[in-house]
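For reference, the structure is listed below as structure tokens.
The values are calculated or read from the model by the stated rules, or taken from the named source; none is laboratory data. These numbers were taken from a predicted model, which means no experiment stands behind them. Cβ: placed from backbone, ideal geometry, glycine included. Neighbour counts: every protein chain shown. These area figures cover heavy atoms from the full protein model, side chains too; ligands, DNA and RNA do not enter into them. Shrake-Rupley method; radii C 1.70, N 1.55, O 1.52, S 1.80 Å.
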Amino acid sequence: MASKNNIVAGLDIGSSKVTCFIAELDDFFNPRVVGYGQYASSGMKRGMIIDMDRTETAVREAVHQAEEMAGLTIDNVVLSLGGVHLSSHMTDGLVVLNNHEITDEDILKVIDVARAKQLEGDRQIIHSQATKYVLDNQTDIRDPRGMTGSRLEAEVHIISAASSAVRNVVRCVERCNLIVDDLVVQPYASAMSCLVPDEKELGVCLVDMGGSTCDIAIYSENALLYTAVVPVGGQHITSDIARGLSTPLSHAERIKNLYGCAMASMVSGDDNIDVPHVGEEDDNNAGHITKGALAGIIQPRCEEILEMVREKIEQSGFENAIGRRVVLTGGTSQLQGMKQLAEVVLDKSVRLARPTSLEGLTDLSSNPQFATVSGLVVYAAKQAAARKRQQRAVVGNWFANITRWFRDSFSLA
């Protein structure tokens with residue numbers, strides 16, 4: 001059995017499902033998925049808990065499934081955070097250096113100065129990342145460590161969340177006897193698992209199309225510049241089908257997945273689809289609809305979602321930074337015709353993405369609906385590697401200080 005020191009776990013609490021991945025880290029901190037669990041949930045809506053007991057049950061079941069598959073128990077998780085309450089903005093920080101060499105401590109200081117600026121209302125900071133630096137008069141510095149100067153400024157991207165929403169989701173996980181090691185916003189986690197380095201460098205907009213929301217992350221020059229959440233997702237498409245055809249939600253979801261298309265112009269033929277009606281037990285009373293008519297129900301909602309995404313991109317101020325690159329992931333992105341419709345509505349080049357950063361359980365972990373939880377595992381692995389490097393640096397500094405003391409104390413005059 002693997003040591004718990006080499007085990008990380010990601011827990012994604014979504015509006016339609018709770019998913020848990022357990023991964024084992026090798027000697028180079030590369031994660032390999034060894035356990036997986038998923039449980040349907042209706043206790044969350046748009047990233048906020050609306051039923052604590054239902055959400056707790058879903059978390060317990062998903063974690064239990066993952067633990068059984070992995071053959072071990074977990075105590076700690078990295079938890080996703082989503083919802084319309086998330087907010088993204090840029091701010092700046094400044095520190096005076098007195099011309100000494102810039103260290104990690106100086107970087108943390110300038111970010112802390114930016115973090116100290118007052119947030120509106122009852123909110124807390126989830127992520128704070130420097131996107132670029134200015135050292136004296138030198139601009140667009142990516143990493144100032146090792147340089148010298150008198151004045152260091154940083155442009156810092158702050159992602160904040162409603163404190164009450166954070167407290168509730170963390171409390172729910174703690175009720176399941178789990179410790180939350182870290183919080184990661186869902187668009188950031190999805191980007192970590194789906195985007196390739198060149199996309200982050202050249203500029204790209206990732207859109208994770210989930211159940212009740214679509215998460216947006218904009219990257220350029222390898223920095224996360226903007227995140228946003230659109231409060232519409234795949235469940236709204238399912239509801240439109242259920243209402244339009246007077247069929248139960250479970251059947252509407254099945255019809256969407258089997259026969260749905262986001263663009264009516266892509267549908268050929270007039271094949272009839274059987275549609276059971278709400279409350280009817282006799283299959284002889286089922287209705288019928290053609291694939292073209294079904295697409296006519298689906299397309300308006302898909303267009304609405306993508307138009308809201310386009311508005312967020314325009315409002316971000318970074319539309320030029322992403323050029324014509326958009327990446328779609330998430331379960332709803334797999335709907336037939338979604339890529340083609342996105343290219344028309346967004347007027348961009350669109351790529352459908354799957355998580356590519358994990359080994360083990362490849363059929364599961366590479367499914368687009370697991371983009372966020374896969375990213376959580378990648379994030380946890382990177383944090384574990386960073387902690388190990390820090391420990392080695394502390395030991396190295398201690399050894400260097402001892403060596404210097406011996407040399408200075410016992411050197412010959």
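So how many residues does region 213-272 have that are of a type in the set (Phe, Trp, Tyr) and within 18 Å of Tyr188 (Cβ to Cβ)?
So the count comes out to 2.
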Task: Inter-residue pairs, beta-carbon under 6 Å, first among the basic types (Lys, Arg) and in region 131-146, second part of a strand (DSSP E or B), 6+ apart - done: Lys132/Asp140; Lys132/Glu155
TODO: Within region 309-344, track down each residue that is over 24 Å from Lys200 (Cβ atoms) and open to solvent by 10 Å² or more (accessible area, probe 1.4 Å).
DONE: Leu335, Gln336, Gln340, Val344
- [ ] Filter region 83-102 down to the residues that are under 17 Å from the mean Cα position of the chain (by Cα) and surrounded by 20 or more Cβ atoms within 10 Å (Cβ to Cβ), then identify the one that is modelled with the lowest pLDDT.
- [x] Gly83
- [ ] Name, by its number, the condition in (1) in contact with a helix residue (DSSP H, G or I) (Cβ under 9 Å, 6 or more places away or on another chain); (2) of a type in the set (D, E, K, R); (3) loosely packed, with under 13 Cβ neighbours inside 10 Å that does not hold for Arg142.
- [x] (1)
Open item on the list: Being open to solvent by less than 20 Å² (accessible area, probe 1.4 Å) and either of a type in the set (Ser, Thr, Tyr) or free of Cβ contacts under 8 Å to residues at least 40 places away in the same chain (or both) is the filter here; which residues of region 172-213 pass it?
Closed with: Ser190, Ser193, Ser212, Thr213
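Could you list, in sequence order, the residues of region 345-370 that are in contact with a Leu (Cβ under 9 Å, 6 or more places away or on another chain) and touching a residue at least 24 places away in the same chain (Cβ under 8 Å)?
Val345, Leu346, Val350, Arg351, Leu352, Ala353, Ser365, Pro368, Phe370
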TODO: Tell me, yes or no, whether region 286-307 has at least one residue that is free of Cβ contacts under 8 Å to residues at least 12 places away in the same chain, surrounded by 16 or more Cβ atoms within 10 Å (Cβ to Cβ) and of a type outside the set (D, E, K, R).
DONE: yes
Task: The lone exception for Thr148 - which of (1) surrounded by fewer than 19 Cβ atoms within 10 Å (Cβ to Cβ); (2) among the polar types (S, T, N, Q); (3) at pLDDT 95 or above it fails - done: (3)
Task: Positions within region 358-370 being farther than 21 Å from His236 by Cα and open to solvent by 50 Å² or more (accessible area, probe 1.4 Å), in sequence order - done: Glu359, Leu361, Thr362, Asp363, Leu364
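Tell me yes or no: at least one residue of region 67-77 is touching a residue at least 12 places away in the same chain (Cβ under 8 Å), within 30 Å of Arg32 (Cβ to Cβ) and part of a strand (DSSP E or B).
Yes, some residue in region 67-77 is touching a residue at least 12 places away in the same chain (Cβ under 8 Å), within 30 Å of Arg32 (Cβ to Cβ) and part of a strand (DSSP E or B).
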